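So the structure is just underneath, and the comments pick up after that.
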Amino acid sequence: MKYSIFFIFVLLLTTNLLKAESPYPVRGLCISAPSVENVDDFVDFIDNELSADGLNLLILRIDYRYQFKSHPELIGNNPYSESDVKKLVKVCQDNNIRLIPQINLFGHQSWHSEASKLLEVYPEFDETPNIKLPDDGEYKWPNPDGLYCKSYCPLHPEVHSVVFDLVDEICDVFETDAYHAGLDEVFYIGHDDCPRCQGKDKAELFAGEVTKIRNHLAKNNRELWIWGDRLIDGKTTGIGLWEGSYNNTHRAIDMIPKDVVICDWHYERPDPTAVLFAAKGLNVLTCPWQNAENAVVQEKLTRDLIAGATKVMKPKYNGMLQTVWGSANNFMASYKGTSDHEDKSAECFKELAKVWNK
């Protein structure tokens, strides 16, 4: 009888351990910082909902919405205080969730007809100062200027002294060992209007900026995370100019440091490009958005790639990262079923969470 009870105990313990084990280490969510008045609700959401879903990574897109002490002129709308951030740090630490902040660097320095806080305050950093944002707010794509989002000039002699101050401050307050720099959809790079960048190899410019950011973070033993689209040949793969590069930055994949972590996003199709990054020696996460069916396929593909990988490549497949491009407030409401405006990424996340712990 003693042996039977002991056997049952060991069996139950082993079953629970196996159930908790995931085939990959990272089960993440990337989302914009909620409005300040909803920070407490978001903390509760992390504590009671996201942690139960097996989440162990949260990338928070804070951008300029923080009360910077190093550059108060760059404080954006609805900024977080240090105490707001510390609430998020604590709940993530309590639930063993790795917390990584993001401020977009290089590209995404404007949105539709508005410049980001950086270019608003420091217009001299603009890669394309002669290309003006529409005054009437009527943004249309495509357009004759090829304008999607503005970029800062990576060769401007003063830009990094400013942005690195922000990066260091935000990393310190988030108590983080990594930083997400964005770097997606960089359409303006090596532009003919730029006296510093014109005529230069776009892949070398992109790789140079990645390396500069990485080297700065490494001084404090922090990792650099970026989106992977500019490192994929959009023409050869047929993936296109959004999820891949049409301006030859893809060759930078062979020029950047191997410890840069790649967030490989595909939203229309479950394209299996994670193997490209892993084969180049880079750690990679697969990132869905709002198509739940695709997300489940992408998760299964991640498992298959790991199962079929060599011992060298296997650890390069880090796991899954759900992305959210609506508001955090609407994501929470949609997740709880209390919103009249459905956020499909919430349903996608729910379906992904069902399978990533199996």
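In table form, for the structure just shown:
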quantity: Selection from the range 32-87 of residues that are β-branched (Val, Ile, Thr) and either part of a loop (DSSP other than H, G, I, E, B) or surrounded by 15 or more Cβ atoms within 10 Å (Cβ to Cβ) (or both); calculated: 39, 43, 46, 59, 62, 75, 85
quantity: Flag for residue 251 being outside any loop (DSSP other than H, G, I, E, B), over 18 Å from the mean Cα position of the chain (by Cα), under 21 Å from residue 183 (Cβ atoms) and not hydroxyl-bearing (Ser, Thr, Tyr); calculated: yes
quantity: Residue 142 assigned to a loop (DSSP other than H, G, I, E, B), out of contact with any strand residue (DSSP E or B) (no Cβ under 9 Å at 6 or more places or on another chain), farther than 29 Å from residue 62 by Cβ and not aromatic (Phe, Trp, Tyr); calculated: yes
quantity: Answer from 241, 231, 285 - the residue that is modelled with pLDDT of 95 or more and either in contact with a helix residue (DSSP H, G or I) (Cβ under 6 Å, 6 or more places away or on another chain) or more than 20 Å from residue 356 (Cα to Cα) (or both); calculated: 231
quantity: Selection from the range 156-179 of residues that are within 17 Å of residue 126 (Cβ to Cβ) and either buried (at least 17 other Cβ atoms within 10 Å of the Cβ) or modelled with pLDDT under 95 (or both); calculated: 156, 159, 160, 162, 163
quantity: Some residue of the range 331-343 being of a type outside the set (D, E, K, R), touching a strand residue (DSSP E or B) at 6+ places or on another chain (Cβ under 8 Å) and either in a loop (DSSP other than H, G, I, E, B) or farther than 23 Å from residue 33 by Cβ (or both); calculated: no
quantity: Which numbered condition residue 342 misses (of (1) acidic (Asp, Glu); (2) closer than 30 Å to residue 44 by Cα; (3) modelled with pLDDT of 95 or more); calculated: (3)
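The values are calculated or read from the model by the stated rules, or taken from the named source; none is laboratory data. Computed from a prediction, not measured in an experiment: that's the story for all the values here. Please note: Cβ atoms are built from the backbone with ideal geometry, for glycine as well, and neighbour counts cover all protein chains shown.
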